[in-house]
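Engineer: First the structure, which I've put down as C-alpha cells, then a few questions once you've had a look.
The values are calculated or read from the model by the stated rules, or taken from the named source; none is laboratory data. The model shown is predicted, which means the values in this text are computed figures rather than measured ones. Here Cβ is always computed from backbone atoms with ideal geometry, including for glycine, and neighbour counts include all displayed protein chains.
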Amino acid sequence: MHKVFIDGQQGTTGLQIHQRLAARGDLQLLEIPQEHRKDPEARRENLNTADVVILCLPDAAALESVALIDNPAVAVIDASTAHRVADGWIYGLPELGPAQREAVRGAKRVANPGCHATGFLCAVAPLVAAGVVPADYPFCVTSLTGYSGGGRQMIESYQAHDDAAGPLACRPYALGLHHKHLPEMQIHAGLTHAPLFEPVVGDFYAGMIVSVPLHLRLLPHKTGPAEVARVLGEHYAGQRFVSAAPYRPDVFPDEGFLSPTACNDTNQLDLFVFGHEEQVLVCARFDNLGKGASGAAVQNLNLMLGADEATGLI
C-alpha cells in the first residue's frame with residue numbers, strides 16, 4: 001500500500017484531492033493529528049515518510065516543503081506555480097506530447113499544470129508542434145473560470161455576496177497582463193513570445209472555457225477549421241481524458257451556447273473548433289478543479305505509482 005501525504009489539504013485543491021483518494025484501498029493517506037498541525041517536526045516526518053507527497057500550498061510554502069525532504073525515495077507532485085518551468089521537474093500534462101506520459105511515469109518531481117495553462121496548451125501545443133501555427137504567432141487567449149479557482153478568499157467573497165446588490169457576473173482580472181501561468185504557457189507550447197492572456201472569473205463555482213482565436217491569414221500555410229480539428233483529433237486519438245471534436249460547421253453544442261460547466265466533476269477536457277475560411281476559434285472546456293487541478297494531480301499520481309491512469313477518476 002502506497003503512502004501519500006497531502007501537504008496543504010485544507011485548501012480547495014487539497015480537499016478535492018483528499019476526497020478523490022480517501023476511499024481508495026491501494027493508498028494510505030498520512031495525516032497530521034489536529035493537535036500537531038503547527039508542529040514542523042510532524043510535517044517533516046510525513047514529508048519524508050510518504051511514497052508520494054502532493055503539495056497544495058502557496059509557492060513559497062511549496063519551496064519550503066521541498067527543502068524539508070531529504071529522503072531520496074520520496075516523489076513529489078507540486079500543485080503550486082513554483083516548479084512548473086523549473087529544471088529537474090517534469091510538467092504534469094501527460095497529453096502534451098508523445099513522450100510526456102512516460103516522463104511523468106518515471107519522475108520523482110512533477111509540477112501540476114495551472115488550470116488556464118492546461119486549456120491553452122491542450123488547444124495550442126499540438127498545432128505549434130505540427131507546424132500549423134508558427135511559434136511566433138501573436139496568440140491572444142481568454143479564459144473564463146469559476147470562482148473556485150481563486151481559492152478560499154474568493155469563494156467566500158462570492159458565496160457571501162448579496163444578490164440584491166446585483167450579480168457579480170463576469171469580471172476580467174490580472175489586468176497588468178503578468179498572470180503567473182504565462183511562463184508555463186509560453187515554454188511548454190514552444191512559443192517565441194508569451195500570449196496576451198485575459199482571465200475572467202464568472203459567478204459560478206467551477207468549470208471553465210479557454211478560448212484561442214486564430215486569424216488564418218497570419219498562418220504560414222493555407223489551412224482551415226477542418227484541418228485544425230484534424231490535427232487536434234489525431235494528436236488526442238486514444239487519450240482517456242482529452243478529446244477533440246471533429247469540425248462540423250453547422251452543428252454547435254448546447255443549442256449554440258458553450259457551457260463552461262458541462263465537464264464538472266470529471267477529469268475530462270473537451271476541445272472544439274469553430275470558424276470559417278478566415279478565422280478559427282479553438283475552445284477547451286473542463287473543470288478547473290478536475291483536469292485543471294485535483295483531477296490532474298490524481299492522474300499524475302496514478303502514473304507515478306504504476307496504477308491505471310484513470311483510477312479514482314471519471
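Engineer: Take the residues in the stretch 252-266 that are touching a Ser or Thr at 6+ places or on another chain (Cβ under 9 Å) and part of a loop (DSSP other than H, G, I, E, B); name whichever of them is farthest from Asp203 (Cα to Cα).
Structural biologist: Leu258
Engineer: Are any residues in the stretch 69-79 surrounded by 16 or more Cβ atoms within 10 Å (Cβ to Cβ) and more than 17 Å from Thr13 (Cα to Cα), and if so, which ones?
Structural biologist: Within the stretch 69-79, Ile69, Val74, Ala75 meet the criteria.
Engineer: Only residues that are out of contact with any helix residue (DSSP H, G or I) (no Cβ under 9 Å at 6 or more places or on another chain) and surrounded by 13 or more Cβ atoms within 10 Å (Cβ to Cβ): list them for the stretch 147-173, please.
Structural biologist: The answer is His161, and nothing else.
Engineer: Can you give me the number of residues within the stretch 280-306 that are under 17 Å from Ser143 (Cβ atoms) and of a type in the set (Gly, Ala, Ser)?
Structural biologist: 5
Engineer: Can you tell me how many residues within the stretch 105-120 are surrounded by fewer than 24 Cβ atoms within 10 Å (Cβ to Cβ) and either in contact (Cβ under 8 Å) with a residue 60 or more places away in the chain or among the basic types (Lys, Arg) (or both)?
Structural biologist: Qualifying residue count for the region: 4.
Engineer: Could you tell me which residue of the stretch 50-67 is surrounded by the most Cβ atoms within 10 Å (Cβ to Cβ), considering only residues that are over 15 Å from Ala111 (Cα atoms) and touching a residue at least 24 places away in the same chain (Cβ under 8 Å)?
Structural biologist: So, considering only residues that are over 15 Å from Ala111 (Cα atoms) and touching a residue at least 24 places away in the same chain (Cβ under 8 Å), the one surrounded by the most Cβ atoms within 10 Å (Cβ to Cβ) is Ala50.
Engineer: Being over 21 Å from Val110 (Cα atoms) and outside any helix (DSSP H, G or I) is the filter here, so list the residues in the stretch 27-44 that pass it.
Structural biologist: Glu31, Ile32, Pro33, Arg37, Lys38, Asp39
Engineer: Could you list, in sequence order, the residues of the stretch 154-186 that are over 14 Å from Gly202 (Cβ atoms), small (Gly, Ala, Ser) and in contact (Cβ under 8 Å) with a residue 12 or more places away in the chain?
Structural biologist: Within the stretch 154-186, Ala174 is the sole residue that qualifies.
Engineer: Of all residues in the stretch 208-261 being within 19 Å of Asp136 (Cβ to Cβ) and buried (at least 16 other Cβ atoms within 10 Å of the Cβ), which is nearest to the chain's Cα centre (by Cα)? First the steps, then the outcome.
Structural biologist: First pass over the stretch 208-261, keeping only residues within 19 Å of Asp136 (Cβ to Cβ): 212-223, 228, 231.
Next, only the ones that are buried (at least 16 other Cβ atoms within 10 Å of the Cβ) stay: 212, 214, 216, 219, 223, 228, 231.
On the way: Val212: 16, Leu214: 22, Leu216: 27, Leu219: 27, Thr223: 29, Val228: 22, Val231: 21 Å.
Result: Val212.
Engineer: When you go through Leu47, Leu93 one by one, which is the residue that is of a type outside the set (Phe, Trp, Tyr), touching a residue at least 24 places away in the same chain (Cβ under 8 Å) and part of a loop (DSSP other than H, G, I, E, B)?
Structural biologist: From the options Leu47, Leu93, the qualifying one is Leu93.
Engineer: It is to be established whether one or more residues within the stretch 280-292 are more than 16 Å from the chain's Cα centre (by Cα), in contact (Cβ under 8 Å) with a residue 60 or more places away in the chain, more than 26 Å from Ile77 (Cα to Cα) and buried (at least 20 other Cβ atoms within 10 Å of the Cβ).
Structural biologist: The answer is yes; a qualifying residue exists.
Engineer: Let me ask you something else. Kindly list the number of the only condition in (1) assigned by TED's automatic domain parsing to the domain that holds Gln28; (2) surrounded by 24 or more Cβ atoms within 10 Å (Cβ to Cβ) that fails for Pro126.
Structural biologist: In the conditions (1) assigned by TED's automatic domain parsing to the domain that holds Gln28; (2) surrounded by 24 or more Cβ atoms within 10 Å (Cβ to Cβ), Pro126 misses (1) alone.
Engineer: Can you tell me which residues in the stretch 187-203 are surrounded by 14 or more Cβ atoms within 10 Å (Cβ to Cβ) and of a type outside the set (Gly, Ala, Ser)?
Structural biologist: If the condition is that a residue be surrounded by 14 or more Cβ atoms within 10 Å (Cβ to Cβ) and of a type outside the set (Gly, Ala, Ser), then Ile187, His188, Leu191, Pro195, Phe197, Glu198, Pro199, Val200, Val201, Asp203 are the ones that fit.
Engineer: Assess whether Pro249 counts as being part of a loop (DSSP other than H, G, I, E, B) and in contact (Cβ under 8 Å) with a residue 60 or more places away in the chain.
Structural biologist: no
Engineer: Would you point out the residue of the stretch 77-113, among those that are touching a Leu at 6+ places or on another chain (Cβ under 7 Å) and basic (Lys, Arg), that is nearest to Ala130 (Cα to Cα)?
Structural biologist: Step by step, filter the stretch 77-113, then rank; the result is Arg101.
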